[in-house]
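Engineer: Would you mind keeping the following structure in view while I ask a few things?
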Amino acid sequence: MRNLPKVELHCHLDGSVRPDTVIDIAKKENISLSSYKIEDVIKALHVPKGCTSLIEYLKRFDLPNKIMQSKESLSRITFELLEDASKENVKYMEIRFAPMLHTKKGLSIKEVIKSILDGMNKACEEFDIKSNLILGCMRNMDEEDAIRVINEGKVFLGKGVVAVDLCGPEEEGFALKYKNAIDLARSYGYRVTIHAGEGASGSNVVDAIKLLGAERIGHGVRIKDTKEACDLVRESNVTLEMCPTSNIQTKTVESIESYPLYDFYKNNIKVSISTDNRTVSNIDLTNELNLIKNEFNLTMNEYKDIYLNAVESTFADDNTKEWLRTLI
């Protein structure tokens, strides 16, 4: 599995920071940490075994965002993420991040995006991997903040930025609150993926598709309990960006045995497999794929089918998609 080409559609930058990099940046930028011991930093970054919910899981992002407030740190962390992914033969990755989270020490939204693009472009030149960026708008912020991110980021469309996302804590019925913002994004040419059906019901997936025009859904696990959502995802040709380990850790599902990815796949719902957060969940894509392969006896033909579907579901240009198809 490690040698197979891979595509990752759902990976958060701030959830995928190397622990030793946290310590190094903190020391270089005089950022106070409760401990500079690697074992303590790892403990602060990794989700605890007794995690009870998505809300508790999201607390693990406090430390990474503390040290992701400079141009240098943002570029470095992006570069290192793509370096790590390339070592397990990930050929294409869409990295998502919320620019507003990285403006606490004076960086503008444009400076945040430009710094991450710089790290991405440097990694793509050095390693056999291609990448694009997805701008996240936090659902615990106002719609005006989302509109600000969308407006500031539009100058980077076609230059590495491809899409917009809504992320963070999920409440029932959140979609209507952000309809104007996502409509604006689509008018500019952003593609749309929305976190939904993770911390709340499958009805949010219905809203994300019908109200927001989502082309992909982040997670979407809970459509398994909502027939309308299952039918709509299938009929709308929407791809689910599924992250098994993360979904088990957040108690979206109880165990890998009850994880619905393979059932979705067999029922002609498009699925892809991603890590969500490589450091927080202590996972890489190879292990994530092996988890599915071993539990559901995934065949190589089925993996190829899921891989090619992921390629078609990327927000990449046609040349990149054609290159990715040839790899398998």
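Quick grid of which residues meet (1) on the phi < 0 side of the Ramachandran plot; (2) touching a strand residue (DSSP E or B) at 6+ places or on another chain (Cβ under 8 Å):
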{"residue": "220", "(1), (2)": "no, yes"}
{"residue": "225", "(1), (2)": "yes, no"}
{"residue": "238", "(1), (2)": "yes, yes"}
{"residue": "242", "(1), (2)": "yes, yes"}
{"residue": "248", "(1), (2)": "yes, no"}
{"residue": "256", "(1), (2)": "yes, no"}
{"residue": "260", "(1), (2)": "yes, no"}
{"residue": "267", "(1), (2)": "yes, no"}
{"residue": "275", "(1), (2)": "yes, yes"}
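Here's the yes/no breakdown for (1) out of contact with any Cys (no Cβ under 9 Å at 6 or more places or on another chain); (2) in a helix (DSSP H, G or I); (3) without any contact (Cβ under 8 Å) to a residue 40 or more places away in the chain:
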site: 146; (1), (2), (3): no, yes, yes
site: 149; (1), (2), (3): no, yes, no
site: 153; (1), (2), (3): yes, yes, no
site: 159; (1), (2), (3): yes, no, no
site: 163; (1), (2), (3): yes, no, no
site: 169; (1), (2), (3): yes, no, no
site: 173; (1), (2), (3): yes, no, yes
site: 176; (1), (2), (3): yes, yes, yes
site: 180; (1), (2), (3): yes, yes, yes
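Engineer: Same structure, new question: Inside region 163-190, can you point out the residues that are in contact with an Asp or Glu (Cβ under 7 Å, 6 or more places away or on another chain) and crowded, with 17+ Cβ neighbours inside 10 Å?
Structural biologist: 170, 175, 178, 181
Engineer: Also, quick follow-up: On the basis of being surrounded by 21 or more Cβ atoms within 10 Å (Cβ to Cβ), in contact (Cβ under 8 Å) with a residue 24 or more places away in the chain and under 16 Å from the mean Cα position of the chain (by Cα), does residue 277 make the cut?
Structural biologist: So residue 277 passes the test.
Engineer: Would you check if there is a residue in region 238-258 being closer than 21 Å to residue 94 by Cβ and among the small types (Gly, Ala, Ser)?
Structural biologist: yes
Engineer: Please specify each residue of region 283-328 satisfying the condition of being under 16 Å from the mean Cα position of the chain (by Cα) and either at pLDDT below 95 or among the small types (Gly, Ala, Ser) (or both).
Structural biologist: 310, 313, 316, listed by residue number.
Engineer: Mind telling me which of the residues 75, 53, 70, 108 ends up being within 30 Å of residue 183 (Cβ to Cβ), among the small types (Gly, Ala, Ser) and surrounded by fewer than 23 Cβ atoms within 10 Å (Cβ to Cβ)?
Structural biologist: 108
Engineer: Examine region 280-301 for a residue that is free of Cβ contacts under 8 Å to residues at least 40 places away in the same chain, buried (at least 20 other Cβ atoms within 10 Å of the Cβ) and under 25 Å from residue 41 (Cβ atoms), and state whether such a residue exists.
Structural biologist: yes
Engineer: Next question, about the same structure. Take residues that are basic (Lys, Arg) and either closer than 24 Å to residue 275 by Cα or free of Cβ contacts under 8 Å to residues at least 60 places away in the same chain (or both) and tell me which of the helices (runs of 4 or more DSSP H) falling wholly in region 182-255 contain 1 or more.
Structural biologist: 203-210, 227-235
Engineer: Anything in region 289-301 that is more than 14 Å from residue 5 (Cα to Cα) and either outside any loop (DSSP other than H, G, I, E, B) or not β-branched (Val, Ile, Thr) (or both)? List them, or say none.
Structural biologist: 291, 292, 293, 294, 295, 296, 297, 298
Engineer: Which pairs do you get when a residue that is under 30 Å from residue 171 (Cβ atoms), found in region 32-57, comes within reach of a residue that is of a type in the set (Gly, Ala, Ser) and not in a helix (DSSP H, G or I), reach meaning Cβ atoms under 7 angstrom, with the pair 6+ apart or on two chains?
Structural biologist: From region 32-57, the pairs are 47/281; 54/199.
Engineer: For residue 117, all conditions in the list (1) among the hydrophobic types (A, V, I, L, M, F, W, C); (2) free of Cβ contacts under 8 Å to residues at least 40 places away in the same chain; (3) part of a helix (DSSP H, G or I) hold save one; what is the number of the exception?
Structural biologist: (2)
The values are calculated or read from the model by the stated rules, or taken from the named source; none is laboratory data. Just so you know, these numbers come straight off a predicted model, no measurement behind them. For neighbour counting, all protein chains shown are included, and Cβ atoms are generated from backbone atoms with ideal geometry for every residue, glycine included.
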